[in-house]
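The structure appears below as structure tokens.
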Amino acid sequence: MTAKTLPLTSVIPGMTARIVDIRGGYGFQKKLHMMGLVNGKKLRVVSVQPLRGPVTVEVNGRQVTLGRGMAGKVLVEVIR
Amino acid sequence: MGNPNVGKSVVFSRLTGANVIASNYPGTTVDFSKGKMRLDGEKVEIIDAPGTYSLEPTNKAEEVALKMFEEADVVINVVDATNLERNLYLTLQLLERDKPVIIALNLWDETKHLGIYIDEKKLEELLDVPAVPTVAITGEGIKKLVSRIKEAKSPEHIKPTSDEARWIEIGSIIKKVERIEHRHHTLVDRIADATIKPLTGIPFAIVIIFASFWIVRLIGESLINFIFDPFFNLWYKPVMVELSNLLGSGFLHDIIIGQLINGDIDFMQSMGLLTTGLYVPIGMVLPYIIAFYFTLSILEDSGYLPRLATVVDNVFHKLGMHGHGIVPVFLGLGCNVPGALATRTLETRKQRFISATLLAIAVPCMAQTAMIFGALGTYGMQYIVMVFLTLGVLYVVMGLILNKTVKGESPEIFLEIPPYHRPSLRAVTKKTWMRVRWFLSDAIPFLFFGVFIVNVLYVAGVLQWLGRVLSPVTQALFGLPGSASVALIMGFLRKDLAVGVLLPLDLTPLQMVIAVTMLTVYFPCVATFAVLIKELGIKDMLKATVIMIATAVVVGAVLKVILLGV
Ligand SMILES: Nc1nc2c(ncn2[C@@H]2O[C@H](COP(=O)(O)OP(=O)(O)OP(=O)(O)O)[C@@H](O)[C@H]2O)c(=O)[nH]1
Ligand SMILES: [Mg+2]
């Protein structure tokens with residue numbers, strides 16, 4: 001069974017997911033890479049702020065906050 | 001050089017003995033500092049640069065970092081050993097250029113209890129440059145780092161390449177040198193997460209902010225009641241009274257002691273160099289400066305600020321900035337100058353313009369806060385709350401307006417959240433002292449200058465004349481006597497001095513609220529003004545100035561209608 005792909009913004013906080021695709025230009029991709037957000041990476045969603053606030057995720061044992069728009073361009077599949 | 005928040009500034013302090021501010025959040029250093037150290041009997045210059053993730057800058061602070069890189073003869077690349085993978089990206093970029101590099105694997109102490117094991121020998125071999133484990137806060141490994149600086153080199157085998165190739169290279173290096181033991185989510189991690197999750201994080205943020213203010217007041221008032229006031233009243237005042245008698249009356253007396261109020265020296269109102277000029281900065285502002293910076297240092301070093309930035313991001317985004325905009329506000333509450341510099345970590349001109357303008361309008365520095373308390377304290381707490389409430393509303397309303405009207409982009413937040421640390425009392429005390437010293441050496445000359453100017457203008461009759469001429473305007477627009485405008489002129493030099501002009505006017509509490517609020521809003525002090533010109537450029541600063549003055553006039557007029565009902 002293949003897991004469903006969904007944007008990072010729809011992942012419930014506390015869940016772990018794997019990055020399948022990062023949509024966006026070269027600069028954007030590069031920016032995310034810099035924080036360890038690369039295709040195939042496992043991440044844990046720590047929090048999603050209300051009122052279209054940012055999403056905080058943990059990758060490589062480090063946390064990073066990214067704006068809602070950016071998070072929407074990161075497609076993931078939920079692991080658990 | 002290195003990524004943000006990896007301990008570069010602490011390493012710099014260790015190497016040079018010079019003190020620079022270090023805090024547990026990315027973007028502490030926004031400008032370079034230079035220092036000197038001895039290397040094999042020779043004096044060499046060391047530069048502390050702002051942090052950057054790559055050699056392609058995304059904000060002003062990173063531009064400074066790139067410029068420093070180009071100036072340097074040797075690069076000490078400080079690397080966060082607990083986050084090697086990401087840090088190696090910049091390292092590879094540095095190694096691709098032909099500048100000699102040496103690596104400091106900093107935060108080495110943290111790797112152990114995170115279950116990270118790094119084979120530094122192997123890393124050295126793979127990269128072909130020296131790599132020295134260091135713990136900058138204790139000084140461990142710094143000697144070794146220094147002794148190996150001369151071995152720094154630019155390896156032949158690392159050539160400029162594509163992004164992708166770099167990440168592949170990093171992957172293969174990591175595989176060879178690093179082993180990570182799986183770590184379970186501990187209770188501490190869970191508590192840390194609770195401070196960023198909205199349900200718990202928002203109440204937590206409110207508690208922290210109120211607690212901080214309460215602590216600042218508690219420490220500040222205790223210092224005043226137990227140390228500063230006794231000193232000034234019991235010890236300093238008799239000396240001044242003696243001096244006053246000695247000088248008799250005349251110009252010299254007016255300048256040094258000032259005017260006697262009901263036949264006595266009044267430290268707030270006399271306006272002499274050695275009375276008000278000394279009392280305002282030392283007796284009134286300094287205690288709160290100490291209290292504020294002590295509390296701020298704890299907040300900074302704990303690592304809470306980036307979490308707060310995350311929690312408040314949605315609000316700041318509506319104001320045309322993003323969550324990191326909270327940092328200039330916090331720093332600005334101490335002094336607007338470092339606050340203005342901190343706007344450099346925002347990415348676009350629009351964000352920086354909004355952040356700086358709002359800072360100047362609605363964020364009172366400690367001197368302003370002391371003025372607000374000094375002018376209204378005797379009338380009651382509710383009036384002080386009124387002023388702060390007005391400023392808070394102004395910050396939001398002006399932010400909403402500027403976001404709509406200022407052209408340009410406001411990109412979203414993208415911020416690394418560092419792990420929590422327990423602030424060390426030594427580091428906090430040292431940092432507080434550094435900032436207090438800065439306040440003393442910077443503020444006092446301005447105060448003396450301000451007092452001097454006021455006295456000269458007073459003796460020449462200029463101030464009285466100005467008060468008369470402006471009276472119809474201030475009366476009609478703001479319900480204030482004309483001489484209140486003198487306070488506005490004073491406030492240009494130092495806001496805290498203006499209180500000495502306002503107190504003798506016998507204003508009603510509500511009039512005082514209007515005067516004090518306008519005084520805070522209409523213009524930053526000269527020092528901040530100078531920094532803002534540099535940060536924003538003359539053209540934008542002119543725009544900001546127009547906005548500030550217009551805001552002050554509108555606010556004054558609106559408050560008059562609301563508070564005085566006329
Ligand atoms: N445990 C530990 N903490 C360290 C070490 N070195 C620095 N720190 C702490 O790490 C935090 C960041 O240090 P800074 O020197 O401000 O970092 P920086 O690289 O200058 O940061 P930016 O100026 O923001 O780029 C501070 O809270 C330091 O006390 C270390 O070796 N071990
Ligand atoms: Mg620094």
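Here are a few things to note about the model shown:
- Residue count, segment B:416-444 (criterion: aliphatic (A, V, I, L, M) and within 16 Å of ligand 2 (Cβ to nearest atom)): 2
- Qualifying residues in segment B:1-19 (those that are small (Gly, Ala, Ser) and outside any strand (DSSP E or B)) - the one most open to solvent (accessible area, probe 1.4 Å): B:17
- Pairs are defined by a Cβ separation below 7 Å, a sequence spacing of at least 6 or placement on different chains, a first member in segment B:380-403 that is farther than 13 Å from residue B:361 by Cα, and a second member that is open to solvent by 40 Å² or more (accessible area, probe 1.4 Å); the pairs so defined are B:384/B:373; B:400/B:318; B:403/B:318.
- Residues that are of a type in the set (Gly, Ala, Ser) and more than 16 Å from ligand 2 (Cβ to nearest atom) are absent from segment B:90-112 altogether.
- Residue in segment B:153-165 that is within 13 Å of chain A (Cβ to nearest Cβ), under 23 Å from residue A:62 (Cβ atoms) and hydrophobic (A, V, I, L, M, F, W, C) present: no
- Filtered residues of segment B:423-461 (kept if of a type in the set (Val, Ile, Thr) and loosely packed, with under 14 Cβ neighbours inside 10 Å): B:429, B:459
- Residue in segment A:26-38 that is open to solvent by 40 Å² or more (accessible area, probe 1.4 Å), in contact (Cβ under 8 Å) with a residue 24 or more places away in the chain and within 12 Å of chain B (Cβ to nearest Cβ) present: no
- Any chance residue B:540 is acidic (Asp, Glu) and within 24 Å of the chain's Cα centre (by Cα): yes
- Failed item in (1) open to solvent by 30 Å² or more (accessible area, probe 1.4 Å); (2) assigned to a helix (DSSP H, G or I), with residue B:374 passing the rest: (1)
- If you go through segment A:12-25 and pick out every residue that is farther than 18 Å from residue B:310 by Cα and open to solvent by less than 50 Å² (accessible area, probe 1.4 Å), you end up with 6.
- Residue that is surrounded by the most Cβ atoms within 10 Å (Cβ to Cβ), among those in segment B:325-339 that are at pLDDT 95 or above and in contact with a Ser or Thr (Cβ under 6 Å, 6 or more places away or on another chain): B:325
- Filter pass, residue B:354 being surrounded by 24 or more Cβ atoms within 10 Å (Cβ to Cβ) and without any contact (Cβ under 8 Å) to a residue 60 or more places away in the chain: yes
- Residue selected from segment B:310-335 under the condition in a helix (DSSP H, G or I) and away from chain A (no Cβ under 14 Å), by the criterion nearest to the chain's Cα centre (by Cα): B:331
- The lone criterion from (1) touching a residue at least 60 places away in the same chain (Cβ under 8 Å); (2) open to solvent by 30 Å² or more (accessible area, probe 1.4 Å) left unmet by residue B:418 is number (2).
- Failed item, numbered, when residue B:59 is tested on (1) within 14 Å of chain A (Cβ to nearest Cβ); (2) within 7 Å of ligand 1 (Cβ to nearest atom): (2)
- When segment B:38-77 is filtered for residues that are of a type in the set (Gly, Ala, Ser) and within 13 Å of ligand 2 (Cβ to nearest atom), the ones remaining, listed by number, are B:49, B:51, B:61, B:65.
- Taking segment B:93-167 and the strands (runs of 3 or more DSSP E) fully enclosed by it, the elements with 1 or more residues that are loosely packed, with under 14 Cβ neighbours inside 10 Å are at B:116-118.
- Exactly one residue out of B:474, B:508, B:517 is surrounded by fewer than 17 Cβ atoms within 10 Å (Cβ to Cβ), at pLDDT 85 or above and hydroxyl-bearing (Ser, Thr, Tyr): that is B:508.
- Test result for residue B:22, open to solvent by 30 Å² or more (accessible area, probe 1.4 Å) and near ligand 2 (Cβ under 10 Å from one of its atoms): yes
- Some residue of segment B:30-45 being of a type outside the set (Phe, Trp, Tyr), at pLDDT below 95, within 10 Å of ligand 1 (Cβ to nearest atom) and open to solvent by less than 30 Å² (accessible area, probe 1.4 Å): yes
- Residue B:95 meets each of the listed conditions (1) within 12 Å of chain A (Cβ to nearest Cβ); (2) more than 16 Å from ligand 1 (Cβ to nearest atom) apart from (1).
- Among the candidates B:52, B:111, B:82, the residue that is within 10 Å of ligand 1 (Cβ to nearest atom), over 23 Å from residue B:414 (Cβ atoms) and either aromatic (Phe, Trp, Tyr) or within 14 Å of chain A (Cβ to nearest Cβ) (or both) is uniquely B:111.
The values are calculated or read from the model by the stated rules, or taken from the named source; none is laboratory data. Worth saying up front: this structure is predicted, and the values here are computed from it rather than measured. Note that each Cβ is placed from the backbone with ideal geometry, even for glycine, and that neighbours are counted across all protein chains shown. The accessibility values were calculated without ligands, DNA or RNA, using every heavy atom of the protein model including side chains. Shrake-Rupley method; radii C 1.70, N 1.55, O 1.52, S 1.80 Å.
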